[in-house]
Number of protein chains: 2
Amino acid sequence: MSELSTDGSPEARRRPGRRPGSADTRGQILAAARETFAEKGFDKATVRGIARRAGVDPALVHHYFSGKEGVFVEAMNLPITPDVVLSAITAVPREEVGERLVRLILTIVAEEEARQPVLALVRTAMTNEQMVATIREFLGQALLGRVAEALDVPPVRMEAAFAQMFGVVLVRYVLKLEPLASTDIEDLVKLLTPAIQGYVGPSR
Amino acid sequence: MSELSTDGSPEARRRPGRRPGSADTRGQILAAARETFAEKGFDKATVRGIARRAGVDPALVHHYFSGKEGVFVEAMNLPITPDVVLSAITAVPREEVGERLVRLILTIVAEEEARQPVLALVRTAMTNEQMVATIREFLGQALLGRVAEALDVPPVRMEAAFAQMFGVVLVRYVLKLEPLASTDIEDLVKLLTPAIQGYVGPSR
């Protein structure tokens, strides 16, 4: 496992904090993170391990990113963080959570630049067991698990809701089935909200 | 475009019907079908074109398979035909169609041998534009379109229902998210039926 640093010198490795604003350092951390997640998955990766591989102080990783989840989101170029999802759903009354989630997801993936990294990740996952494991751990632990807890919904219901939206994104942007592929976002929100609200509504 | 026949001779090509029970002929038709669908997609492929490529009479294709859809299903090793889906949903009262569909799909993909060709097709589709187009045409025209018509449901609702079940299959068997991946089929039927019945229920 090689420890990368700007110029590869031990000096640079030992005094990683001297250029905290450098885009280089940030890029170094992200490159190290990609290698670490690919090797260890999400669960077993640590901020400390990523920092060591990048040749920087762990504090610097926290300076640039909000913890391991934040590094993962940036390393994979994901268009949204679990924190943003959590803020979005806790900002609305419980009976509007389904609609909020559907609109949030459809609006984000409507942007080409936001959608591409997500689809790239799905493509990799379809054929790469280690990447599947990494995504599974991130989704289960950092995203769906936290949302389920925040809403006090059984995890299997969050996963069913996720499956609905995941399927819709694939049908709309990969399979491009018509008419769904060219239906307006607001019409899709109306169509999909009952199912999602059914899953995330108050636990029975 | 080469016309294949058992021994490649014109004689074999001109008298294709002489061994209607031969596994060879059936295999030849399937091989020709795979090439034809890969080249032309589902819409533009014809039984006549497949027969020509296989060096057999079109009647022989109809003898072995129920039309173009039947050839496609067998060529792709799909575990179910549109006709089976249609029979299943027309055999139950309208208010039970959702439950019937959910149980049918989950039961089929629970079998490893039935699931593998479906997942293989999805994997190919994720990275192969021509295969995406072929699957899109088959799904839209031969499967979802016919089901939507049989149920008198707007196609976009059938596609939303398909997206839910497609997502569940991927979450269960590719991502393997727990607890959904190891939830009993009957518990999943209870969980998913309200959403599917919501889509395929009587048109509003």
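Between A:A54, A:A45, A:A32, A:A38, the distinction of being at pLDDT below 90 and either in contact with a Lys or Arg (Cβ under 8 Å, 6 or more places away or on another chain) or of a type in the set (A, V, I, L, M, F, W, C) (or both) belongs to A:A38 only. Criterion applied to B:E137, B:E149, B:E159 was being in a helix (DSSP H, G or I) and either more than 11 Å from chain A (Cβ to nearest Cβ) or farther than 22 Å from A:A181 by Cα (or both), and the one residue passing it is B:E149. B:G49 falls short of the stated requirement of being more than 30 Å from B:L175 (Cβ to Cβ), under 19 Å from the mean Cα position of the chain (by Cα) and surrounded by 14 or more Cβ atoms within 10 Å (Cβ to Cβ).
Only residues that are in contact with a Gly (Cβ under 8 Å, 6 or more places away or on another chain) and within 7 Å of chain A (Cβ to nearest Cβ): list them for segment B:163-177, please.
Once the filter is applied, which keeps residues that are in contact with a Gly (Cβ under 8 Å, 6 or more places away or on another chain) and within 7 Å of chain A (Cβ to nearest Cβ), segment B:163-177 yields B:A163, B:Q164, B:F166, B:G167, B:V168, B:L170, B:L177.
Scanning segment B:29-71 for residues that are of a type in the set (D, E, K, R) and either more than 18 Å from B:E129 (Cα to Cα) or in the same structural domain as B:E129 (by TED's automatic domain parsing) (or both) turns up B:R48, B:R52, B:R53, B:D57, B:K68, B:E69. Given the criteria crowded, with 19+ Cβ neighbours inside 10 Å and more than 27 Å from B:D187 (Cα to Cα), does B:A125 qualify? Considered against the rule, which asks whether it is crowded, with 19+ Cβ neighbours inside 10 Å and more than 27 Å from B:D187 (Cα to Cα), B:A125 comes out as yes. Do we have any residue at all in segment B:180-201 that's β-branched (V, I, T), crowded, with 18+ Cβ neighbours inside 10 Å and touching a Phe, Trp or Tyr at 6+ places or on another chain (Cβ under 6 Å)? Scanning segment B:180-201, I find no residue that is β-branched (V, I, T), crowded, with 18+ Cβ neighbours inside 10 Å and touching a Phe, Trp or Tyr at 6+ places or on another chain (Cβ under 6 Å), so the answer is no.
Only a single item in (1) buried (at least 22 other Cβ atoms within 10 Å of the Cβ); (2) away from chain B (no Cβ under 14 Å); (3) among the β-branched types (V, I, T) is not met by A:V102, and it is number (2). No other residue among B:V118, B:V122, B:V92 is in contact with a helix residue (DSSP H, G or I) (Cβ under 8 Å, 6 or more places away or on another chain) and either away from chain A (no Cβ under 14 Å) or on the phi > 0 side of the Ramachandran plot (or both) apart from B:V92. The one condition from (1) part of a helix (DSSP H, G or I); (2) among the polar types (S, T, N, Q); (3) touching a helix residue (DSSP H, G or I) at 6+ places or on another chain (Cβ under 7 Å); (4) under 30 Å from B:D184 (Cα atoms) that B:S87 does not meet is (3).
The values are calculated or read from the model by the stated rules, or taken from the named source; none is laboratory data. Because the structure is a prediction, the values reported are computed rather than measured. With ideal geometry, Cβ positions are generated from the backbone for all residues, glycine too; neighbour counts draw on all protein chains shown.
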